[in-house]
1. With the requirement that a residue be farther than 17 Å from I37 by Cα and open to solvent by less than 80 Å² (accessible area, probe 1.4 Å), what does the stretch 422-443 give you?
2. Take the conditions in contact (Cβ under 8 Å) with a residue 12 or more places away in the chain, of a type outside the set (A, V, I, L, M) and closer than 27 Å to E240 by Cβ and apply them to S29. Does it pass?
3. Considering only residues of the stretch 331-366 that are of a type in the set (S, T, N, Q) and open to solvent by less than 20 Å² (accessible area, probe 1.4 Å), which is modelled with the lowest pLDDT?
4. How many residues are among the hydroxyl-bearing types (S, T, Y) and without any contact (Cβ under 8 Å) to a residue 12 or more places away in the chain if we restrict to the stretch 309-331?
5. If you scan the stretch 151-166, which residues turn out to be assigned to a helix (DSSP H, G or I), touching a residue at least 40 places away in the same chain (Cβ under 8 Å) and more than 17 Å from the chain's Cα centre (by Cα)?
6. List the number of the failed condition for S55; all other conditions in (1) among the polar types (S, T, N, Q); (2) touching a strand residue (DSSP E or B) at 6+ places or on another chain (Cβ under 9 Å); (3) open to solvent by less than 30 Å² (accessible area, probe 1.4 Å); (4) farther than 14 Å from G85 by Cα hold.
7. Inside the stretch 445-470, can you point out the residues that are over 22 Å from A116 (Cβ atoms) and either in contact (Cβ under 8 Å) with a residue 12 or more places away in the chain or not acidic (D, E) (or both)?
8. Of the residues that make up the stretch 141-150, is at least one crowded, with 21+ Cβ neighbours inside 10 Å, aromatic (F, W, Y) and not in a helix (DSSP H, G or I)?
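The values are calculated or read from the model by the stated rules, or taken from the named source; none is laboratory data. All values derive from a computational prediction rather than experimental measurement. Glycine gets a Cβ as well: all are built from the backbone with ideal geometry, and neighbour counts include every protein chain shown. With ligands, DNA and RNA removed, areas are computed over all heavy atoms of the protein, side chains included. Shrake-Rupley method; radii C 1.70, N 1.55, O 1.52, S 1.80 Å.
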Amino acid sequence: MAEQTLAQQLAGFADAVRRDGAPAEVRASTRQRVLDILGLCVAAQRLETSRAVISLVADQGGAPQASALGVAGAVPAAQAALVNGVLAHSLDFDDTHLPSVLHPSAAVVPAALAVAEMVDADADALLDAAAVGLEVACRLGMAGYDLELGNSVFFEHGQHATSICGAMGAAVASGMLLGFSEQQLTDVLGVTASMAAGIIEANRTGGTVKRMHCGWAAHSAVMAAELVRRGISGPPTVLEGRFGFFEAFLRNEADHAAVTDGLGVEWAVPGIFFKPYPANHFTHTSADAGMRFTEQGIRPEDVASIEIGVPSAVVRTIGEPLAVKQAPETGYQAQFSGPYVVVAGMLGEGRGLGLGLADFTDELARDPQRRELMSKVTVVGNEECDAIFPHQFPAVVRLTTTSGEEHVEKVLANLGGPQRPLTDAQLALKFSENCRDLLPDDAIDRIRDLALSLEGTRRVRPLMEAVTAAVPPADPIRQP
């Protein structure tokens, strides 16, 4: 018997989980991610980019299969996945897998919810499918992680691993919920690989297209599954083949063993880092340091300088060009600014788990007091942080006061990761804060309780019905 290809091994893994179920701790972690993604979708509706995709889907119409937040009435499952995937990733508040540095839930969960609603799946089927989808996305992300480089090869090639690998994982999740055979699950990987996409130039020079990436990944996944359902097939060697996924995206600089070693025994899902703060994940430990300085009684007027020491590889993301990072023009730019986030940690009001969406507005990004404090902040590479990265995003922050005193805060592990995990109660608080002022309190409580009690034969539809009943349709965008 010929050796199975990588895609066939992933398909066999998915089929086994559908038959036998995922481990309890994996289901529990996935349940938390469903709640987290729903809260992010609610919160992101206020964005103009969200209104754009909601308006597009509302105008297109189609078979009423699943719920898209902000759209009145049900829409085709692929369109629901598109809307909810865009919303899930738009606030940069979704979870992160390390060291691949991809955000798997924002693509996988919206696709799985859409298909689960379409077929009226039970909770365990949803959780098992989403868990496998997350696992596949993370393993493909790790296949593109270069240990010596200490970075993702996807990233080095200008590609957004989140949407590329997320589409593949979301497709497997969709196929599981549609009852695919092993052959069909292999096919769905083969088809989706031709639809996966995403480049990250917008991180450098602007544009809002990155917000679309997880929606497109989720949409591609559901469409690929629907095509396979109707007989379209894909190559079994789609991953490792001469003209396959690894060659196309990674120039064959891929770690094949990362895809299959420990598959079904060692799960990445419970170790995916939740985001406690709505900012680039590289900045979170700096936020913690800023909050600690304030707890020590240090006032803004006491600050002469702040040096944020971070892994050298992340300086370009949160510290360069320094003049821009010290003076962000928008709340979105502030989310990627080390100087802004450490200052927000010092000046924030403790919203949510420490910093909330209200700390990242256009007005606060241009606030004179914050600008003055940001002008005193630099971002540099730090050897101690280099030794830990990318398994954590640590920071060593040195604050010098006007009287010459030096205060050092070392935050070497991220809140929301395995070393500092978030509880159900903390994730429920994050969800409530994201929905506050947008949904009635009773609706927030009902959605939270339904999501955290997903288990067994409980159906998925009541959860999505509760969300859509509480979320009003978005105002349409008028075409010129």
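1. Step one: filter the stretch 422-443 for residues farther than 17 Å from I37 by Cα, giving 437, 440-442.
Answer for the stretch 422-443, where residues must be farther than 17 Å from I37 by Cα and open to solvent by less than 80 Å² (accessible area, probe 1.4 Å): just P440.
2. Working: in contact (Cβ under 8 Å) with a residue 12 or more places away in the chain: yes; of a type outside the set (A, V, I, L, M): yes; closer than 27 Å to E240 by Cβ: no.
Considered against the rule, which asks whether it is in contact (Cβ under 8 Å) with a residue 12 or more places away in the chain, of a type outside the set (A, V, I, L, M) and closer than 27 Å to E240 by Cβ, S29 comes out as no.
3. Of the residues in the stretch 331-366, the ones of a type in the set (S, T, N, Q) are 333, 335, 337, 361.
Those left that are additionally open to solvent by less than 20 Å² (accessible area, probe 1.4 Å): 335, 337.
Numbers: Q335: 92, S337: 97.
It comes out as Q335.
4. 0
5. Listed by number, the list holds a single entry, V153.
6. With (1) among the polar types (S, T, N, Q); (2) touching a strand residue (DSSP E or B) at 6+ places or on another chain (Cβ under 9 Å); (3) open to solvent by less than 30 Å² (accessible area, probe 1.4 Å); (4) farther than 14 Å from G85 by Cα applied to S55, the lone miss is (2).
7. Taking the stretch 445-470 as the starting set, the residues that turn out to be over 22 Å from A116 (Cβ atoms) are 445.
Listed by number, the list is empty, since nothing qualifies.
8. From the stretch 141-150, those crowded, with 21+ Cβ neighbours inside 10 Å are 141-145; that's our starting set.
If we keep only those that are aromatic (F, W, Y) as well, we get 145.
Checking the rest, the ones that are also not in a helix (DSSP H, G or I) come to 145.
Yes: one or more hits.
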